[in-house]
Ligand SMILES: [Ca+2]
Ligand SMILES: [Ca+2]
Ligand SMILES: [Ca+2]
Ligand SMILES: [Ca+2]
């Protein structure tokens, strides 16, 4: 009795596919894939575990930020029921949400979350299983939609003609130019509809939404001991992601050399400091996206460090640029025949360069913060190269 509807269904399918293709923004590539795989508890491969580790080659990605995306609470906790009476069924370990079951059944659940940082991309995956007594053709459907408050939306479709009783993975990644802004609301919507006859049961499971940082070639350089060895004079792209990221760089310095570090092209308020030791931080910071600048004369020989961090956890997809230069100072002969480069004194316990300088409220944006952090410079050393 469905023959009459076939033509109409074909037209409808065309409309739906056109809509599906249209809802994704064209501003960045969307990588979509669909392939049958086993699910958890059925020889699956631990799909609840989204990539969560940093490495030199893989960008950082969050864990799955959907709560109860696998429905292992045994209910729809953290999900909002938008329509109908979807349920969770199964047994512990393989619970799933049953979306649509009867004829004319229409079920909707959704969950919202916030993009936690300036992300390079978002990745979604979900699993669908179908049991259907439908005839040949597409009459009953389930959609997995991901959309943002910024206007992005993308929908994956599953139909009653999927292989019966086989869990199928539906996934896509969205990599817009310029990345994804922090704080944007993202929503995952699961919707299913059965038509008036021959019901189809759609089950969904292991829904996963993750955000990933842009690739940072110098990671992991997140602390003093894992600082990346930089070449003085070269320019480095520094990316702050995820929240709380710190990027450390190291360079060999000889006592008496002039170190000039610049962080510029700041997309957000990033801070930069020099370290002569793990506990000795040099140079003040500026608020806002003003360039960070630090110039000191090394009072010790060794591997100094440069740390870049996001003020208040600031992150960005676009990089700041870091350049550190090391210059040999030229001593000018004077009438004092015994002049030598005076050993730099060890900072006193109260030296202000041992602590992060406090920003004074009177610091105006256009002036570099004044600090008293110049290392003890011998008053007998001349600096013909600094002041040019
Ligand atoms: Ca499950
Ligand atoms: Ca049906
Ligand atoms: Ca980084
Ligand atoms: Ca700053």
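The values are calculated or read from the model by the stated rules, or taken from the named source; none is laboratory data. Predicted, not measured: the structure shown is a model, and the values here were computed from it. Reconstructed Cβ throughout: ideal geometry from the backbone, glycine too, with neighbour counts over all protein chains shown.
Quick notes on this structure:
- With respect to (1) modelled with pLDDT of 95 or more; (2) part of a loop (DSSP other than H, G, I, E, B); (3) within 11 Å of ligand 3 (Cβ to nearest atom); (4) farther than 22 Å from residue 115 by Cα, the lone exception for residue 237 is condition (2).
- Scope region 240-265; condition away from ligand 3 (no atom under 11 Å from the Cβ) and closer than 17 Å to residue 119 by Cα; matching residues: 243
- With respect to the stated conditions, residue 209 is part of a strand (DSSP E or B), closer than 22 Å to residue 175 by Cβ and either touching a strand residue (DSSP E or B) at 6+ places or on another chain (Cβ under 9 Å) or modelled with pLDDT under 95 (or both).
- Residues of region 207-234 classified as within 30 Å of residue 67 (Cα to Cα) and away from ligand 3 (no atom under 14 Å from the Cβ), total: 5
Yes or no, residue by residue, for (1) under 22 Å from the mean Cα position of the chain (by Cα); (2) modelled with pLDDT of 95 or more; (3) outside any loop (DSSP other than H, G, I, E, B):
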| site | (1), (2), (3) |
| --- | --- |
| 35 | no, no, yes |
| 69 | yes, yes, no |
| 78 | no, yes, no |
| 107 | no, yes, yes |
| 112 | yes, yes, yes |
| 124 | yes, yes, yes |
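- Inclusion of residue 281 among residues that are part of a strand (DSSP E or B) and at pLDDT below 95 is warranted.
- Residues located in region 269-284, provided they are surrounded by fewer than 21 Cβ atoms within 10 Å (Cβ to Cβ) and under 23 Å from residue 216 (Cβ atoms): 269, 275, 278, 281
- One residue stands out among those in region 307-329 that are away from ligand 3 (no atom under 13 Å from the Cβ) and over 17 Å from the mean Cα position of the chain (by Cα): the one that is nearest to residue 121 (Cα to Cα), which is 321.
- Test result for residue 225, assigned to a strand (DSSP E or B) and more than 16 Å from ligand 4 (Cβ to nearest atom): no
- In region 308-337, the residues that are within 16 Å of ligand 1 (Cβ to nearest atom) form no Cβ pair under 9 Å with any partner that is modelled with pLDDT of 95 or more and not in a strand (DSSP E or B), whether six or more places apart or across chains.
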